[in-house]
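Accompanying notes for the structure given below.
The values are calculated or read from the model by the stated rules, or taken from the named source; none is laboratory data. In this text the structure is predicted, and so the values were computed from the model without any measurement. Cβ: placed from backbone, ideal geometry, glycine included. Neighbour counts: every protein chain shown. Note: accessible area is taken over every heavy atom of the protein model, side chains too, but ligands, DNA and RNA are not part of it. Shrake-Rupley method; radii C 1.70, N 1.55, O 1.52, S 1.80 Å.
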Amino acid sequence: MERWKGRVALVTGASVGIGAAVARALVQHGMKVVGCARNVDKIEKLAAECQSAGYSGTLIPYKCDLSCEEDILSMFSAIKTLHLGVDVCINNAGLAHNEPLLSGKTDGWKNMIDVNVLALSICTREAYQSMKERNVDDGHIININRMVPSADEHFYCATKYAVTALTEGLRQELREAKTHIRATCISPGIVETEFAFRHHNSDPEKAAAVYESIKCLKAQDIASAVTYVLGAPPHVQIGDVQMRPVEQKS
């Protein structure tokens with residue numbers, strides 16, 4: 001990770017859970033991290049914690065609604081102005097709505113596509129353009145995915161299959177463009193975060209049961225996977241990381 005000191009990383013969905021753990025880990029390794037979310041209060045608190053801990057990097061909170069392309073483009077413009085550009089893009093933000101295929105609301109489906117697929121693709125495109133215009137040939141784009149299929153959440157799972165396809169397509173396009181920019185997909189199983197509580201917001205007992213049934217992965221486990229793939233030698237591309245709790249059945 002030594003070569004990433006002082007370089008700029010964007011982490012989407014950095015306010016809680018995996019995104020917050022990844023942002024903290026990259027700041028520990030000396031990176032300038034732009035952490036974005038719709039609500040930046042928790043990122044501001046995390047930034048203060050990182051500073052108090054004496055980490056060599058910095059965390060810069062940025063308010064951004066990833067379902068709005070104009071917000072994303074404004075964020076990249078601000079990063080260019082203040083920090084020259086993005087060297088590492090961690091597409092972590094994602095959401096799930098309980099909208100079944102047979103009875104789900106179209107708005108819920110659209111929101112999942114907007115954030116899980118389109119925002120990821122827009123951030124990827126803008127990060128690549130940022131690297132290209134500065135002749136950055138060692139950048140890295142990492143998509144935080146999930147292991148699918150799931151027993152329910154079928155539309156959400158479809159968006160995650162899309163992330164798998166998009167990551168492989170990205171790798172091929174980067175190779176065809178004759179760059180050495182790397183693309184990685186990290187797909188965890190059950191991670192103990194606030195995700196289930198947001199998804200089952202009307203049934204907190206059901207949400208808690210998701211995490212109590214087995215010893216789950218922690219957000220820090222995924223952050224460790226991120227630093228592992230970033231720290232691989234520049235000629236090594238780790239395309240896909242699948243990780244699940246030992247006790248998880250599928």
Practice item. Calculate the spin-label point distance for LYS178 paired with GLU49, positioning each point 7 Å from the Cα along the beta-carbon direction, and give it in nanometres. Key: 4.6 nm
Check your understanding: Using heavy-atom solvent-accessible surface (probe 1.4 Å) with all chains present, what is the largest-first order of TYR128, TYR228?
Key -> TYR228, TYR128
Study note, to complete from the structure: Candidates ALA183, ALA14, ALA208; GNM for the chain (alpha-carbon contacts under 10 Å) flags as most fluctuating ALA208
Study note, to complete from the structure: The local net charge around ILE113, scoring Lys/Arg +1 and Asp/Glu -1 for residues other than ILE113 whose Cβ lies under 12 Å from its Cβ, equals -1
Exercise for review: Taking the convex hull of the Cα atoms, report for the chain its projected area averaged over all directions, in nm².
Suggested key: 13.3 nm²
Review point. Using Cα atoms only, what is the angle between the long axis of helix 69-83 and the major principal axis of the chain, expressed in degrees (0 to 90) to the nearest 10?
Key: 30 degrees
Check your understanding: GNM on the chain, C-alpha springs below 10 Å: top fluctuator among ASN92, ASN135, ASN39?
Key -> ASN135
Review point. Going by alpha carbons, how many degrees (0 to 90, nearest 10) lie between the helix axis of 17-28 and the longest principal axis of the chain?
Key: 20 degrees
Check your understanding: If you add up the charges near GLY30, with Lys and Arg at +1 and Asp and Glu at -1, over every other residue whose beta carbon is less than 9 angstrom from its beta carbon, what do you get?
Key -> +2
Point to revise | Cys with no candidate disulfide partner in the chain (beta-carbon separation under 4.7 Å rule) | key: CYS50, CYS68, CYS89, CYS123, CYS157, CYS185, CYS216
Study note, to complete from the structure: The correct ranking of TRP109, TRP4 by accessible area at 1.4 Å, largest first, is TRP109, TRP4
Review point. From the cross-link list LYS178/LYS218; LYS80/LYS178; LYS178/LYS249; LYS45/LYS215; LYS80/LYS160; LYS63/LYS110, which pairs have alpha carbons spaced over 32 Å apart?
Key: LYS178/LYS218; LYS178/LYS249
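For the chain, the longest stretch holding no GluC sites (Glu not before Pro) located in a DSSP loop with at most 13 other Cβ atoms within 10 Å is which?
1-193
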Review point. With every protein chain present, what is the per residue accessible area of the stretch 30-91 (1.4 Å probe, Å²)?
Key: 50 Å²
Revision key, fill the gap. Beyond 24 Å, the calculated P(r) of the stretch 55-159 holds a percent of Cα-Cα pairs equal to 33 percent
